[in-house]
1. Among B:Thr83, A:Val46, A:Ser26, which residue has its Cα furthest toward the positive end of the charge dipole of the protein assembly as shown, with +1 on Lys/Arg Cβ and -1 on Asp/Glu Cβ?
2. Any idea what % of Cα-Cα pairs in chain A are farther than 18 Å?
3. Dipole of the protein assembly as shown (Lys/Arg Cβ +1, Asp/Glu Cβ -1, origin at the Cα centre): which of B:Tyr37, B:Thr92, A:Val97 lies farthest to the positive side?
4. Chain pair A, B: how much accessible area is buried, both chains summed, with a 1.4 Å probe, in Å² to 100?
5. Assign unit charges at the C-beta atoms only (+1 for Lys and Arg, -1 for Asp and Glu), then state the dipole size of chain B relative to its Cα centre in Debye, rounded to the nearest 20.
6. From the helices alone, meaning DSSP H stretches of at least four residues, give me the mean residue ellipticity at 222 nm for chain B, per-run term -39500 (n - 2.57), in deg cm²/dmol to the nearest 500.
7. Using the alpha carbons of segment A:83-129, what is the convex hull volume per residue in cubic angstrom, as a whole number?
8. Go through B:His159, B:Leu134, B:Leu188 and say which Cα lies farthest out towards the positive end of the charge dipole of chain B; charges sit on Cβ, +1 for Lys and Arg, -1 for Asp and Glu.
Amino acid sequence: MQENVEPPSAPTDQAPGDVEHEAAGSFASYTAGLGFALLLTLASFVVSQTHLLWAPGVTAGLIVLAIAQMGVHLVFFLHIGTGSDNTNNVLALAFGVLIVTLVISGSLWIMANLNANMLPASAIMEMQR
Amino acid sequence: MSAHAGTAELAGAIPTIPVTSARSGGGPAPVRIVVAYGFWIFLLSDIILFSALFAAYAVLSGQTAGGPSGHELFELRHVGIETLCLLFSSYTCGLGILSIEHRRLRSFYLSFALTFVLGATFLGLEVTEFAGMLTRGAGPSRSAFLSAFFSLVGLHGAHVSAGLLWMSFMVAQTVVKGPRDFVRRRLLCFSLFWHALDIIWVALLTLVYLMGAR
């Protein structure tokens with residue numbers, strides 16, 4: 001029994017979205033999140049509507065801004081952070097991100113390949129004769 | 001008595017497990033954490049559902065079949081207002097959760113009323129946009145691009161409608177039952193849902209509207 005006893009201050013889990021227990025800090029967190037999100041949204045609109053970025057890089061820029069804004073939402077609104085009490089939530093999120101990445105990038109990759117390797121419609125008609 | 005004897009028998013059969021040790025911080029997690037964690041897993045599965053539609057849209061976005069493209073259809077000013085509505089509603093929803101945790105009911109009702117109005121405005125703008133596209137003959141049956149567009153954006157809109165319905169139920173429940181533990185748990189789940197919808201909208205705004213309107 002002796003070696004199984006843990007210190008009483010072992011961290012408990014935190015529910016996703018749960019606000020930390022001091023009140024002022026969480027109000028500031030929501031407001032900071034709103035500010036960052038507004039800034040990033042504005043930046044996305046500016047990047048897409050002006051020639052601020054080199055034209056072929058606009059897509060990459062928009063993707064980076066969108067991922068940054070999702071991060072802001074996760075940290076400031078959903079309170080998914082890096083604390084030791086948050087490990088379960090972050091692991092679930094990481095698994096979700098893995099699946100989403102596989103679905104989206106896999107579909108794009110396969111369909112692009114398929115497009116490149118398909119016979120033109122006229123050639124298919126020729127073969128069916 | 002017999003139940004007690006059964007427990008003792010069971011404990012005798014498995015002698016190696018120390019029943020009383022506080023290995024994970026003292027027994028099962030509180031209900032609030034278990035409920036919110038389960039709901040978080042549901043939200044992630046919902047996001048995976050969206051990812052399939054995002055993939056379909058990304059593949060089909062160029063297939064306009066001679067019909068109108070996103071460049072001709074999307075009005076970015078309109079979309080910008082929608083984005084602001086949803087972002088501010090997410091913020092007021094968070095403030096509402098803060099208020100209910102501190103039992104400030106009046107500020108909770110105010111925050112959730114604002115959240116509802118902003119969410120309903122978003123939905124109204126989206127319905128207007130869809131109606132405008134339909135009258136221009138750009139319905140979901142016009143091209144593969146428009147089918148993918150309507151299913152993706154429509155599914156998000158359906159989620160927002162469900163959220164508005166859920167929000168009204170939760171406010172009614174708070175009025176009737178007060179800020180009890182289970183009411184606050186449900187409100188926490190609702191706020192997670194609402195914030196997740198905003199995250200999906202960020203992806204939607206970027207992939208569909210900002211990239212499509214260029």
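The values are calculated or read from the model by the stated rules, or taken from the named source; none is laboratory data. What you see is a predicted model; the values in this text were computed from it and never measured. FYI the Cβ positions are ideal-geometry reconstructions off the backbone, even for glycines, and counts take in every protein chain you see. Only protein heavy atoms, including side chains, enter the accessible area calculation; ligands, DNA and RNA are left aside. Shrake-Rupley method; radii C 1.70, N 1.55, O 1.52, S 1.80 Å.
1. Final value for the positive-end residue is B:Thr83.
2. Values: 6020 of 8256 pairs.
Within chain A, distances greater than 18 Å cover 73 percent of Cα pairs.
3. B:Thr92
4. Details: alone 10340 and 12080 Å², together 18160 Å².
Rounded to the nearest hundred, the buried surface is 4300 Å².
5. Working: 14 positive and 10 negative charges, 121 e Å.
My answer is approximately 580 debye.
6. On the way: 7 runs with 161 residues, N = 214.
So the calculated ellipticity at 222 nm is -26500 deg cm²/dmol.
7. Spelled out: Cα convex hull of segment A:83-129, divided by residues, is 60 Å³.
8. Of the candidates, B:Leu188 comes out farthest on the positive side.
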